[in-house]
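Input: a single structure, listed below in structure tokens.
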Amino acid sequence: MDYDAYRAFIASKGTRTEKHGFTPDAMPDRMFAHQRAAAEYSLEKGRAALFLDTGLGKSGCEAVFADETRRATNRPSLILTPLAVAKQMKRECEAFGIEARVIREPEDVWSGVNICNYERLGKIDAARFGAVVLDESSILKSFTGSTKRALVETFRDTPFRLAATATPAPNDHMEIGQHSEFLGVMPGPEMLSRWFVNDQTEMGKYRLKGHATKKFWEWVASWARAASLPSDLGGDDTGFILPPVTHRLHTVGVDLTQDVDQGMLFRIPDNSATSIHREKQRTLAERVAQASEIANGTTDAVIVWCERDDESAALAKAIPDAIEVKGSMPADKKEAALETFSFGDARVIVTKPKLAGFGLNWQHARTQVFASLSHSYEQYYQAIRRSWRYGQTGQVMCHVVIAETEHGIWRNVQRKAADHDRMKRAMAAAMVGAQTESGLRVAYGRAPEVILPAFLRRA
């Protein structure tokens, strides 16, 4: 029997993540203690995830990671960001004394820190970079998504990798697997087979095995750090305890006798995509009227969120001093419009969470209006956090305008919010135990020598 091969096979089944990084000489003085802890951890691991809540300074950690790995590899580093966040990331780098450049074309790449939007991924030659950082890495969340596959394949051989987001698994625990796969820790299917079981109530979904929950989060803690407050990473919470956010529901009436099926007295909408689409068409005028009344009724800065192009156009028309940011605009015009609002040169912005709900700092806008709502809790949470984040000193008011037939969507978002809170608590608890590396070695370390059973030794 080939004992060496057998030992290698057994070792390959271990779940301990290896270190691929280095210990940095020093961290910028400007960093908070929790940022320093997160950045040092990610650099020592070399391939890591930072699941830090919005406003805790992920961007600073990303900037330092990119700069330090650039020095260590003597190769350029790359930070990928959502649209319109690139320039903000550049300013964040500069605040830490790090020179960075926003690139658009391959010839723009220089020897330092490069920043680029995800939309330009196809133009990137990954072989040039010694490190890559995914800002708002929940973009990985779909197992079958083309963006996820492109990111995994493109940067499979990149020595240093960092993924950073506040919502690593906004809809389901299984979405953690995409981060694991991108970092080269463990393929998603293997993660599912170890700790998950098919959910018989919903096709294509998996749920954590009850007995495996603790071990699963311990494994996540071996390659990631998570925090809702600085104290989760040994920092000081002073200044990070935010004023309350208020959610106010506005329900508009619906004529349930319209488009009634034969034999029915009233229309009974369901949660199918087709039904939701039709209901939003029927209630467009009423929701726009309510949302625009709220936005026009104040002189303060306002963010108005919507889901559809027809909603966006109607809202922009009903709010005279609003700027509209829509998906069909060229990337440079979208960036310019978003910056216009960011710098206070426009009072109201009308846009979609999927366009502007990630990465932007809009603390000056304490009033948000959701003229339309989807089932995506991640989009709702991230949109709110554009205003409700570190640096916010006043109360944030979120007005949610829905038709009376859409309360099922609101209940679903609230259910996902509760699930997300439970996940964060479980992750935070695992992180506490993970602060001591020795504890992880006991749980997940690969034994230096495999002791074979007697019957095998006799073979």
Q. Near the amide H of VAL369, under 5 Å away, which other amide H atoms are found, from residues 5 or more places off or on another chain, if H is placed in the peptide plane?
A. ILE303, VAL304, TRP305, HIS399
Q. If you put +1 on each Lys and Arg Cβ and -1 on each Asp and Glu Cβ, how big is the dipole of region 245-414 around its Cα centre, in Debye rounded to 20?
A. 420 debye
Q | Residue among ASN74, ALA100, MET174 farthest towards the positive dipole end of region 3-238, charges placed on Cβ | A | MET174
Q.
Expected output is a single nm value to one decimal: the length gained when fully extending between ARG248 and ARG104, i.e. 0.36 nm times separation in residues minus the C-alpha distance. What is it?
A. 47.7 nm
Q: Check cross-link reach from LYS90 to the lysines: straight Cα distance under 16 Å, and skip same-chain residues fewer than eight apart.
A: LYS58
(Q) Starting from 0.36 nm per residue, how many nanometres of slack lie between ASP345 and SER193 once their C-alpha separation is accounted for? (A) 49.5 nm
Q) In whole Å, how far is the Cα centre of region 298-318 from that of region 125-174? A) 32 Å
Q) Can you list residues whose amide H is under 5 Å from VAL102's amide H, if they're 5+ apart or on another chain and H is modeled 1.01 Å from N? A) ILE115
Q | Among SER342, LEU249, GLY408 - extreme Cα towards positive end, dipole of region 245-414, charges at beta-carbon | A | SER342
Q: Please list the non-local residues whose amide H lies under 5 Å from the amide H of MET27, H modeled 1.01 Å from N, same-chain partners needing a gap of 5 or more.
A: none
Q: Can you tell me how much longer the chain between HIS277 and HIS211 gets when fully stretched, taken as 0.36 nm per residue apart minus their C-alpha distance, in nm with one decimal?
A: 19.7 nm
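No value in this document is a laboratory result; all are computed from the given coordinates. Computed from a predicted structure; not experimentally measured. So basically every Cβ, Gly included, is an ideal-geometry build from the backbone, and we count neighbours across all protein chains shown.
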